[in-house]
Amino acid sequence: MQERRIGLRARSLHPSGRRDVGGSVRVLDALLAPATALRCRFTLNSQSPTMSRAGAGHPGAETTEQPSVSTPRDDPTQLYVALNDLLQMEAKFQPRLALPRDEQSGEVTIGARDGAAHVLRCLKVWFDLPPDVLISAISLFDRFLTKMKVRPCHVPCITVSCMNIAIDEYAAINKQARNVSVEELVSVSQSACTAGDVARMSRVITDKLALAQGGAANALHWVQILRRLVAVAGQEIGLDRQVLAPSSEESLIKYLEIAICDSGCVNARTGELALVIVYHQLEQELLDWSRESSPVPEEAYYLYDFAAQLQAHCNMNDASLLTTRNRFRSVLAAYEARAAAPQRQRLVWRLSERTLKVLRPTDRLRSLLPTIEEQHFAVDATPTRKRSGSESSESEETSDWPRSPVLPVYCEN
């Protein structure tokens with residue numbers, strides 16, 4: 001018999017003879033009552049992280065511990081108002097890419113798109129940017145490629161411009177100063193364009209995507225809303241342990257970044273991808289729960305019924321949802337296989353000799369000190385020593401870029 005729910009493993013985990021425990025099904029139905037009387041702009045009450053100047057892989061990075069804050073219980077009515085707003089905006093911000101796998105007549109390929117997405121993720125790690133910036137930048141990039149025909153030579157400039165716009169939007173929303181300049185983005189990304197090129201391309205992207213209207217919604221908003229809805233449902237059922245706690249949002253964001261950086265999930269419906277990711281995390285938590293001494297209570301499996309109700313509320317097709325789930329699991333399995341490989345090529349950044357001099361000024365200093373002469377020898381007898389460090393030359397100033405040694409840049413997943 002064909003399975004019609006997202007939790008395909010629910011039947012194997014759930015006991016055969018189910019009963020209505022404490023009216024759990026009625027509680028889930030009450031949670032799903034549509035709040036059509038209220039309309040408000042989509043906002044999240046969760047505190048947004050602050051942009052930091054130095055990234056995790058940057059030498060000057062600083063780690064600060066955020067104090068734990070107990071969040072109040074979410075109101076299901078307000079959450080469904082935000083969910084309905086996301087449903088109204090979903091089609092407008094949904095990318096629909098049709099890129100070839102092989103280069104044909106100068107078109108951007110799927111590999112070039114994935115390469116640009118990974119460059120954006122490296123920039124996010126290097127400058128320690130919040131995940132909102134990365135997800136917004138990738139969404140801008142995909143939507144721009146959906147609407148415009150782009151030449152491959154313009155992809156690096158478009159990539160940096162999307163990150164530039166995303167940083168500006170995040171700074172404007174959170175009312176804080178921008179700490180990453182356009183020049184720094186150009187220098188670190190090595191996109192072979194100037195700050196003026198990025199500024200002009202940013203204006204083109206803003207105009208073509210009508211970003212001046214604001215109110216853009218991306219996959220991160222979906223993940224946050226669905227996580228909070230499922231967490232509230234778990235509380236209403238009366239579970240002894242909190243499922244999908246706010247601390248699980250870090251894992252959800254990691255899964256989301258892995259998915260959107262791969263072209264396999266680029267055309268998946270945003271709501272379906274978010275629902276798949278949320279219930280993948282829920283399945284992992286239930287498996288961890290089952291490995292402990294106490295068994296998983298029967299009420300926990302009613303959350304899979306809640307997934308089916310969310311699917312119906314969002315008008316998600318069964319076949320499309322299963323396809324999205326299979327694509328996500330395939331992308332995640334390939335990512336974990338690469339991470340577990342014994343010999344994995346590390347991320348490297350090629351620098352020109354001119355940039356290498358700026359980053360390593362101590363390379364000009366002497367590495368060997370002259371020998372200290374004894375008192376009975378004349379001072380003039382000391383042989384002259386030449387500097388053993390690197391010295392500047394006119395040929396280096398005009399050298400082609402890049403031609404210097406490779407400097408590794410290590411970043412976490």
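Just so it is clear, none of the values below were taken in a lab; they were calculated from the coordinates. Predicted model only: the values in this text are computed from it and were never measured. Neighbour counts run over all protein chains shown; Cβ positions are idealised from the backbone, glycine included.
Summary table below
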| item | result |
| --- | --- |
| Bins of 5 Å from zero: percent of alpha-carbon pairs in region 81-132 | 4, 16, 13, 14, 16, 19, 14, 4, 1, 0 |
| Protection-proxy order for peptides 312-318, 140-146, each taking the mean of Cβ atoms within 10 Å per residue, highest first | 140-146, 312-318 |
| Greater than 30 Å apart at Cα, pairs in Lys92/Lys175; Lys254/Lys357; Lys147/Lys254; Lys124/Lys208; Lys175/Lys357 | Lys254/Lys357; Lys175/Lys357 |
| Packing-based exposure ordering (other Cβ within 10 Å, fewest first) of Trp222, Trp289, Trp126 | Trp289, Trp126, Trp222 |
| Normalised convex hull volume, region 194-283, alpha-carbon set, Å³ per residue | 133 Å³ |
| ³J(HN,Hα) computed for each position of region 251-257 - Karplus, 6.51 cos²θ - 1.76 cosθ + 1.60, integer Hz, glycine/proline x | 5, 5, 5, 4, 4, 5, 5 |
| Whole-number D in µm² s⁻¹ for region 110-213, Kirkwood Cα-pair radius fed into Stokes-Einstein, 4 °C, 1.567 mPa s | 96 µm²/s |
| Distance between region 97-170 and region 207-267 - C-alpha centres, whole angstrom | 21 Å |
| Amide hydrogen neighbours beyond the local backbone of Trp349, cut-off 5 Å, H modeled | Leu407, Val409 |
| Fewest-first ranking of Thr194, Thr371, Thr324, using other Cβ atoms within 10 Å as the exposure measure | Thr371, Thr194, Thr324 |
| Where only C-alpha atoms are counted, convex hull volume of region 240-282 per residue in Å³ | 61 Å³ |
